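Notes for the one structure printed next.
The values are calculated or read from the model by the stated rules, or taken from the named source; none is laboratory data. Predicted, not measured: the structure shown is a model, and the values here were computed from it. Positions of Cβ are backbone-derived with ideal geometry, glycine not excepted, and every protein chain shown enters the neighbour counts. Remember, those area values only see protein heavy atoms, side chains included, never the ligands or the DNA or RNA. Shrake-Rupley method; radii C 1.70, N 1.55, O 1.52, S 1.80 Å.
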Amino acid sequence: GLAQEVIYETLPFAQRRSLHSALGDVIERERADELPAFCGVLLHHFERAQDDLRTITYASMSGDRAAAVFASTQAVDYYGRALALLENMEENRAAERSLLLERIGDCLETAGRHRAATEAFEEALTQWRRREGTRAMRLLATPTADQLREAELSRRIGISHERRSNFDEALRWLDAASDVLPPRAGSVGADLAASKSLTLFRRGEYPEAIVWGKRALERARRAKDERAIAYAQNMLGNSYVAQGALKKAIA
């Protein structure tokens with residue numbers, strides 16, 4: 001190891017970059033069907049080759065793999081490395097920054113760092129709104145996709161406030177999400193209604209929580225999303241228990 005380090009340090013920087021790039025190319029070509037398994041090695045080489053675009057790709061992929069096994073701190077580090085490179089690029093990469101910030105927010109939520117998660121989600125929404133093109137042009141192009149993403153980010157901000165017991169702020173963000181939600185919102189609409197049910201439940205407003213739990217269940221059934229159906233049923237059960245309606249809760 002020491003011999004390798006000494007020899008490596010004798011190489012000119014330009015030669016190091018060239019060798020790292022060449023080796024990264026070989027791994028990409030020969031392991032094309034299993035790149036996620038080699039993303040850490042590819043990140044190592046392309047980062048040292050100063051290939052920013054491929055560094056972003058493999059840092060993001062490494063973050064996804066770390067997040068999948070709940071290695072939240074490591075995932076945030078990987079996403080942060082990709083984000084730092086995006087911020088230094090001249091062209092508008094706001095949409096990509098938004099996606100990375102959302103993933104960072106998810107990892108911070110998993111780690112219980114709800115205040116930091118709120119900040120990450122809010123910045124993700126800001127970056128989403130800054131992407132290329134005017135809002136009017138974007139909505140004319142893909143209204144449903146644009147509105148769904150804005151609603152989902154607003155919902156995540158609301159939930160991060162709910163987890164800190166900031167119920168008024170949580171409801172404000174959830175209402176803002178409802179304002180931009182398109183008519184056929186599918187699972188996003190079901191999740192939004194369930195999130196509002198949860199927040200109202202936590203605030204002790206059980207009748208309203210039941211109303212929104214039923215809306216969540218109706219939307220989830222229309223979307224045929226079994227996960228969302230189960231979550232809506234769970235929220236309704238909690239609210240019925242709190243009201244003493246045990247038979248309904250059990251059902």
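Using the Cβ atoms and a cut-off under 14 Å, what net charge is assigned to the surroundings of Y206, where Lys and Arg are +1 and Asp and Glu are -1?
That works out to +3.
If we count every other residue with Cβ under 15 angstrom of C107's Cβ, Lys/Arg +1 and Asp/Glu -1, where does the sum land?
On the way: positive: R65, R81, R103, R113, R115, R156, R163; negative: D64, D77, E102, D106, E109, E119, E123.
Once all neighbours under 15 Å are counted, the net charge is 0.
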| query | Just from the alpha-carbon atoms, what are the Rg and Dmax of segment 97-231 in angstroms? | reply | 14.7, 43
| How far is it, in nm, from the label point at N88 to the one at N234 when both lie 7 Å from their Cα along the line to the Cβ? | 4.2 nm
| Label-point gap, in nm, between E226 and L19 - each point 7 angstrom along Cα→Cβ | 5.3 nm
| Rounded to the nearest 20 Debye, what is the dipole magnitude of the chain about its Cα centre when Lys and Arg each give +1 and Asp and Glu each give -1 at the C-beta? | 1160 debye
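For every helix of n ≥ 4 consecutive DSSP H residues, a contribution of -39,500 (n - 2.57) applies; sum these over the chain, divide by its total residues, and give [θ] at 222 nm rounded to the nearest 500 deg cm²/dmol. Working shown, then result.
Numbers: 14 runs with 202 residues, N = 251.
Theoretical 222 nm ellipticity from helices: -26000 deg cm²/dmol.
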| request: Express in nm, to one decimal, how much length is gained between T144 and D175 on full extension, taking 0.36 nm for each residue of separation and deducting their alpha carbon distance. | output: 9.4 nm
| request: Consider just the alpha-carbon atoms of segment 143-195 and return their Rg together with their Dmax, both in angstrom. | output: 10.3, 33
| note | Measuring from the longest principal axis of the C-alpha atoms of the chain, the long axis of helix 143-162 (C-alpha) lies at a number of degrees, nearest 10, equal to 80 degrees
| message | I'd like the carbon and sulfur percentage of the solvent accessible area for segment 151-247, probe radius 1.4 Å, heavy atoms only, ligands and nucleic acids excluded. | response | 49 percent
| Length gained when the stretch R164-D77 is fully extended (0.36 nm per residue, less Cα-Cα span) | 28.9 nm
| request: Mind checking segment 143-212 for trypsin sites (Lys or Arg not before Pro) that DSSP puts in a loop (not H, G, I, E or B) and that have at most 15 other Cβ atoms within 10 Å? | output: R164, R184
| request: Could you work out how far helix 52-68 tilts from the main Cα principal axis of the chain, as a 0 to 90 degree angle to the nearest 10? | output: 50 degrees
| Nearest-ten-degree value, helix 72-87 long axis tilted from longest Cα axis of the chain | 70 degrees
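Viscosity 0.692 mPa s, temperature 37 °C: give me the Stokes-Einstein translational D for the chain in µm²/s, with Rh taken as the Kirkwood radius over C-alpha pairs. Kindly include the intermediate steps, with their values, before the conclusion.
On the way: Rh = 20.6 Å.
Estimated via Stokes-Einstein, D reaches 160 µm²/s.
Report the chymotrypsin sites (Phe, Trp or Tyr not before Pro) located in segment 1-94 that are in a DSSP loop and have at most 14 other Cβ atoms inside 10 Å of their Cβ, or state none. If you can, show how the numbers build up before the last one.
Details: sites: Y8, F13, F38, F46, Y58, F70, Y78, Y79; in loops: F70.
Filter output for segment 1-94: F70.
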| Which one of P12, A37, I27 is farthest out on the positive end of the charge dipole of segment 1-47, using unit charges on Cβ (Lys, Arg +1; Asp, Glu -1) and the Cα centre as origin? | P12
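If the only charges are +1 at each Lys and Arg Cβ and -1 at each Asp and Glu Cβ, what is the size of the charge dipole of segment 1-117 around the Cα centre, to the nearest 20 debye?
Its charge dipole is roughly 220 debye.
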| note | Checked segment 186-251 against the a/c 1.5 cut and the a/b vs b/c comparison, axes a ≥ b ≥ c from its Cα gyration tensor; verdict oblate
| task | Quick one: grab Rg to one decimal and Dmax as a whole number for segment 7-151, Cα atoms only, in Å. | result | 17.5, 58
| said: Would you calculate the convex hull of the Cα atoms in segment 77-130 and tell me its volume per residue in Å³? | reply: 58 Å³
